[in-house]
Structures are given as structure tokens and as C-alpha cells.
Amino acid sequence: MQNNGTATEALAQMVADLRFADVPSDVVERAKDLVLDHIGVTLYGARMPWSQQVRELVLEEGGAGCSTIFGATRVPARAAALVNGAAAHAAELDDTHDEALSHPGAAVLPAAFAVAEMRAASGADFLVAMVAGYEAMCRIGVQLGRTLQLRGWHPTATCGVFGASAAACSLMRLNPEGVSGAFGSAASMASGHMQFTQDPVRTTIKRLYGGLPAERGVFSAQLAARGFSGPQGAIEGAWGFAKVMAGVHGVDRIFDRLGETFELPRVAVKLYSCCKLFHSLVEAIGNCRAEHSFTVDDIVAIEPFGPSHMIHGHMERRPKSMMAAQYSLPYVCAVVMLRDPSLPESFSEDALDDASLLRVADIVLPVVDESLEAIFPRKIPGGVRITLRSGAVLSSTVIDSKSSEERPLSRSGIKAKFRNLTKSTMSEDHQSRIIEMTNDLDRIESITKLTDLLCDLRSPT
């Protein structure tokens, strides 16, 4: 694939040109796994009160039903993208591209599902759109994600609109000029700041950081399809996304082997219902517990160490909401010691005043490790030193957590996660039908064969 012109033009050309035959079989198979994970995470997240609030608002407004809200009914495409994106990001279990510091599935897949269903696209075309969306979002995120976050912008919310737009444009068969125009509009719709990390109570807005870019990505593509488009150079221009929001002028990483290698296989599936920055730390604590049996009463101090991003802005010792708890390093350490961090219920508001958890949180004293800082965000490492009353000091460092790019979760592991998340939502038989359909996604003639299984799950099947 030729990568001539600007970064915006190169990405637009990739989106317009990409066909199923261009996608390697291993990327196709991994995409299927991520689709199944997304479905399970979204259906679970749809039960959360903040997801229900968004869904109720959309259902009150009504509109032509062409795209499925998972577990509910059909609504206009943009509305479905908004609701499903919010649900996908509702429990901190959605997939992550570590180096891009973002969650591509929560932004790209709701847009792809909404537009594919509206157009009765084939499963193969849906997968192509998904791959194109992950490419656009993750390449921009790798280039700009850390700088965006340091400047107070959330990478998923901001970069996600380009991924969602790419997926929608792919399914609408827009030419390169149309995709570039959609990116121009998308750049003006990119937003989502990090102030939620500073407020222990009113953190719900972060739950929309999958839904907002998904909805806006569909909107930008719909506008471009009608001839309404934003300016050229939306990413790298003099007043483009990279300079204005990240303060970055060069975007060479976006071009790196574009069309030859794919970012999607680098995406990790989350095993723990908390900020991905803590996943290596969670595993390190588990390693210490496996090495030496102890109880929380035996602990004198817990000293997590890792890159500064793991610590700064994550030290709320008395979180007042589930979101704040999932973003609190001290609280996550306590949950690992006393509960199960893979369960969203471990961070529920019912647990926030648990005296045993708070006692552990109070002895957490983190430090920045310069050697781990040096490899972030290419890696998201973490470690811990635990001092016991006996004088023993336990220590473990994890560079690549379970399910990361270097240690990917197997298909059987993803199926197990899906079944666990949806066991209260549907029968085992219905679960099996969805699993079988995602396994055959590249061979089904219409995505509606899958979305029909995801509509009102209360209906007999």
C-alpha cells in the first residue's frame, strides 16, 4: 500500500483501499476473539446504572430502528453507537492497546456494528472495517497518546473518534477524499478530558469515553457521505489534532509500515476490572502471595513501583464512586489482597466503606521506578515490595501482564471470560450460538445474523 502524502491522507487511503484479502488470517482470527470479548463486556456493562441512564435517554427520544442496542432493541445508528460504546466502557473490562494508552474496542466496534447493521453488511466487510478502525485509532494513539494524557486529554475519547470514523467510512465505501473529509469533521469532535481523575465522586463522564467517539465517528462518516466534510490535514495540519491537542508536530509513527503490519494483534484483553496501568502490579502482588503465605495482618507496608503514570493522579485513598475506586492505586492494592480484582463487584459502592480495605489502602506507599519509566508506554510494567512483620520483604516485577501483547489470552480464555460475564444474561445455549457466530464471522452474509442474537435477550430463542 502506498503511503504518500500527509498522515491524514495515508490513513484515509488505507481505509478506502483495505479489503478482506489484504488482512492476514491471523489478524482475522484475533479480530473475531476481540469481537466476542467486546460483546461480553458490553452486555455486562449494560447492566450498570450509568449505562441504563444513557440507554433510557436514547429510548425516550426514539427514532428509526436500524441498529441494535445490545440486549435491548433497535434504534438509529448513532444512538446505538453511543449506548453500546458507553456500555462497553462501563466496567473497565474492555480491550486495550497498551502503547496507545487507549481502549479501541469501546470506540471502534460500536460504530462498526451500528453502520454494518444499518447497511446489512457482510461479516467479512465488518471485520475489514474493524481492522481499519483499530489501525487508525491505535496508530494515532501510539504517536500521541502519552502526550495527550499529560496535557489532560483522554486518549480513548480523543483518538477514538478517528477509529470509529474509519470503521464507519469503510462500511460506507467512501473514497479517500471522503474518508479524509470525515477525519476533518472528526477532529473537531474529538474531546474528553482527564478531570474525572481529580474528583472522587463525580466520575461518571468517563463511562461515556467509548460512546461519545463511537457516535461522533458515525456522525462524521454520515456527513461525509452526503458531501459535508471537514478540512484537509485534520491530524497533522498547522491547527490540526496533533499540534492543538498534543503539542506534537511530527507524526511519522503513523506511517510506519502502514498496510504491511497491523496494530490489532497488539491489543490486549483485560482480566481485571480496574485501570490497565495497574494490571502488572496486580499480577506482581499475586506472585508475592504465591511465593509466601501471609495475611493482611502480617503486612507492615506495601510499596508498589512503576512508571509515573501508574502513580500520579491515582492516589485517592477514600474513593467515593466505583470509577474512582477502579482508578485508585491504594484501593486496587487492597482489593487484590482481600477480594477478586477480576470482578467489577469488588469495586462496587457497597465496598467503598469497607474498613478492612481502607486499612490496607492506608499502608500503600508507591514510588516511581526509573527503569520501568524508561520502557513506558511501549510496555506497561509494575512491581511491588511487601514488608512483613517478620522482617521478610517480598518483591516481584512484571513487565508484561497476563493477556498483554506478549502474553495474549487464548481463544478458550476469551470464551471463558465471555461466558462468565454473560451467564446471568442468557442461557448456555444462547452463549454457544453467539460464540459459534463470531467464530464464523468472516463467512456470514449479513451482520444481522449476529446482531439478531444480541437484540432483546429476554425474547425466546
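The values are calculated or read from the model by the stated rules, or taken from the named source; none is laboratory data. These numbers were taken from a predicted model, which means no experiment stands behind them. Cβ placement follows ideal geometry from the backbone for every residue including glycine, while neighbour counts extend to all protein chains displayed. All accessible areas refer to the heavy atoms of the entire protein, side chains included, with ligands and DNA or RNA removed. Shrake-Rupley method; radii C 1.70, N 1.55, O 1.52, S 1.80 Å.
Filter the range 295-345 down to residues that are outside any helix (DSSP H, G or I), of a type in the set (D, E, K, R) and under 16 Å from ILE386 (Cα atoms), then give me how many there are. Even if it seems obvious, please write down each step before you answer.
Here is the first cut: in the range 295-345, the residues outside any helix (DSSP H, G or I) are 295, 299-307, 312-321, 327-328, 339-343.
Keeping just the survivors that are of a type in the set (D, E, K, R) gives 303, 316-318, 320, 339-340.
The next check asks that each one be under 16 Å from ILE386 (Cα atoms); those that pass are 303.
Final tally of qualifying residues: 1.
Selection of the range 126-157 for residues being under 18 Å from GLY210 (Cβ atoms) and of a type in the set (Ser, Thr, Tyr) yields TYR134, THR156.
Among the residues that make up the range 370-382, is at least one of them on the phi > 0 side of the Ramachandran plot and surrounded by fewer than 20 Cβ atoms within 10 Å (Cβ to Cβ)? Looking through the range 370-382, none of the residues is on the phi > 0 side of the Ramachandran plot and surrounded by fewer than 20 Cβ atoms within 10 Å (Cβ to Cβ). Screening ARG359, ARG419, ARG389 for residues that are in contact with a strand residue (DSSP E or B) (Cβ under 6 Å, 6 or more places away or on another chain) and open to solvent by 40 Å² or more (accessible area, probe 1.4 Å) leaves exactly one candidate, ARG389. Looking at the range 415-453, which of its residues are charged (D, E, K, R) and within 12 Å of ASP37 (Cα to Cα)? The answer is LYS415, LYS417, ARG419.
Residues are listed down the side, and each one gets a yes or a no for (1) under 21 Å from PRO104 (Cβ atoms); (2) in contact with a strand residue (DSSP E or B) (Cβ under 7 Å, 6 or more places away or on another chain); (3) modelled with pLDDT under 95:
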{"site": "ASP33", "(1), (2), (3)": "yes, no, no"}
{"site": "LEU36", "(1), (2), (3)": "yes, no, no"}
{"site": "GLY62", "(1), (2), (3)": "no, no, yes"}
{"site": "GLY65", "(1), (2), (3)": "no, yes, yes"}
{"site": "ALA80", "(1), (2), (3)": "yes, yes, no"}
{"site": "VAL83", "(1), (2), (3)": "yes, no, no"}
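Among residues of the range 368-387 that are within 20 Å of ILE299 (Cα to Cα) and touching a residue at least 24 places away in the same chain (Cβ under 8 Å), those with a Cβ under 6 angstrom from a residue that is surrounded by 14 or more Cβ atoms within 10 Å (Cβ to Cβ) and acidic (Asp, Glu), sequence gap 6+ or separate chain, pair up as ARG385/GLU303.
Is it true that ILE414 is farther than 28 Å from TYR331 by Cβ and either modelled with pLDDT of 95 or more or in contact with a Lys or Arg (Cβ under 7 Å, 6 or more places away or on another chain) (or both)? Break it down stepwise before answering.
On the way: farther than 28 Å from TYR331 by Cβ: no; either modelled with pLDDT of 95 or more or in contact with a Lys or Arg (Cβ under 7 Å, 6 or more places away or on another chain) (or both): yes.
Considered against the rule, which asks whether it is farther than 28 Å from TYR331 by Cβ and either modelled with pLDDT of 95 or more or in contact with a Lys or Arg (Cβ under 7 Å, 6 or more places away or on another chain) (or both), ILE414 comes out as no.
Matching residues to (1) closer than 23 Å to GLU445 by Cβ; (2) among the acidic types (Asp, Glu); (3) in contact with a Ser or Thr (Cβ under 7 Å, 6 or more places away or on another chain):
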site: ARG47; (1), (2), (3): no, no, no
site: LEU59; (1), (2), (3): no, no, no
site: ALA90; (1), (2), (3): no, no, yes
site: ASP98; (1), (2), (3): no, yes, yes
site: LEU101; (1), (2), (3): no, no, no
site: GLU117; (1), (2), (3): yes, yes, yes
site: SER122; (1), (2), (3): yes, no, yes
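What number of residues in the range 192-226 are in a loop (DSSP other than H, G, I, E, B), in contact with a His (Cβ under 9 Å, 6 or more places away or on another chain) and free of Cβ contacts under 8 Å to residues at least 60 places away in the same chain? Residues meeting the conditions: 1.
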